[in-house]
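Undergrad: I'd like to ask you about the structure that follows.
The values are calculated or read from the model by the stated rules, or taken from the named source; none is laboratory data. No experiment lies behind these values; they were computed from the predicted model shown. Neighbour counts run over all protein chains shown; Cβ positions are idealised from the backbone, glycine included. SASA here: full protein model, heavy atoms, side chains in, ligands and nucleic acids out. Shrake-Rupley method; radii C 1.70, N 1.55, O 1.52, S 1.80 Å.
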Amino acid sequence: MEELTDSHLATARANRGYALAIEQDAESLLVSLNWAAVATFYSALHFVNGYLWETARLAPANHHERERIIARWPDLAPHSQSFRLLLDYSVRTRYTPGYHIHRSDLSVLLNRHLANIARAIENT
């Protein structure tokens with residue numbers, strides 16, 4: 001694997017680990033759960049970016065471009081809704097005043113949506 005691919009995948013795994021540690025800590029503050037949702041999205045982003053760089057030397061310039069690529073890419077298209085959901089929660093937790101993600105929702109984001117994206121990319 002190339003250095004940029006490795007860097008994206010290492011960042012993806014670090015973000016996933018951070019989010020999992022917060023999600024599993026019963027003492028986590030509500031604001032920490034929100035930031036874990038953000039880290040979950042960025043983990044998915046780096047998994048996708050690493051995959052796109054490794055397979056096609058693509059580096060999406062922004063979220064919109066990345067979403068369009070995901071929707072059309074055969075290995076990624078089945079996960080486009082999961083990616084969009086992760087993005088939506090990331091935006092909601094950062095920009096909606098007073099919003100706090102529920103721990104159960106964070107668990108679904110991590111253990112279903114991100115897990116499926118990560119598995120699809122790590123197994124290719």
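Undergrad: What does the net charge come to around residue 123 if you take all other residues with beta carbon closer than 14 Å to its beta carbon, with K and R at +1 and D and E at -1?
TA: Details: positive: 119; negative: 54, 75, 122.
Taking every Cβ under 14 Å from that of residue 123, the sum is -2.
Undergrad: Over the chain, what percent of the accessible surface lies on carbon and sulfur atoms, probe 1.4 Å? Mind showing how you got there, number by number?
TA: Numbers: 3530 of 6610 Å².
Carbon with sulfur: 53 percent of the solvent-accessible area.
Undergrad: Further, regarding this structure: How big is the Cα convex hull of the stretch 1-81 in projection, averaged over all directions, in nm²? Provide the component values of the computation, followed by the final result.
TA: Details: hull surface 23.3 nm².
Over all viewing directions, the stretch 1-81 projects a mean Cα-hull area of 5.8 nm².
Undergrad: In the Gaussian network model of the chain, springs joining C-alpha atoms below 10 Å, which of 19, 36, 61 carries the largest mean-square fluctuation?
TA: Taking springs between Cα atoms under 10 Å, the residue moving most is 61.
Undergrad: Further, regarding this structure: For every helix of n ≥ 4 consecutive DSSP H residues, a contribution of -39,500 (n - 2.57) applies; sum these over the chain, divide by its total residues, and give [θ] at 222 nm rounded to the nearest 500 deg cm²/dmol. Can you show the working numbers first?
TA: On the way: 6 runs with 89 residues, N = 124.
Calculated from helices alone, the mean residue ellipticity at 222 nm is -23500 deg cm²/dmol.
Undergrad: Counting heavy atoms of the protein chains only and a 1.4 Å probe, report the per residue accessible area for the stretch 35-81 as a whole number of Å². Write down the numbers at each step before the final one.
TA: Values: 2240 Å² over 47 residues.
Value for the stretch 35-81: 48 Å² per residue.
Undergrad: Near residue 21, within a Cβ-to-Cβ distance under 14 Å, what is the net charge of the other residues, with Lys and Arg +1 and Asp and Glu -1? Present the calculation step by step, with values, prior to reporting the outcome.
TA: Numbers: positive: 13, 16, 103; negative: 23, 25, 27.
Taking every Cβ under 14 Å from that of residue 21, the sum is 0.
Undergrad: Rounded, prolate or oblate, given the Cα gyration tensor of the stretch 56-124, with a/c below 1.5 counting as rounded? Before the final figure, lay out the partial values.
TA: Working: a/c = 2.87, a/b = 1.49, b/c = 1.93.
Cα axes put the stretch 56-124 in the oblate bin.
Undergrad: GNM on the chain, C-alpha springs below 10 Å: top fluctuator among 39, 71, 26?
TA: Among 39, 71, 26, the largest GNM mean-square fluctuation belongs to 26.
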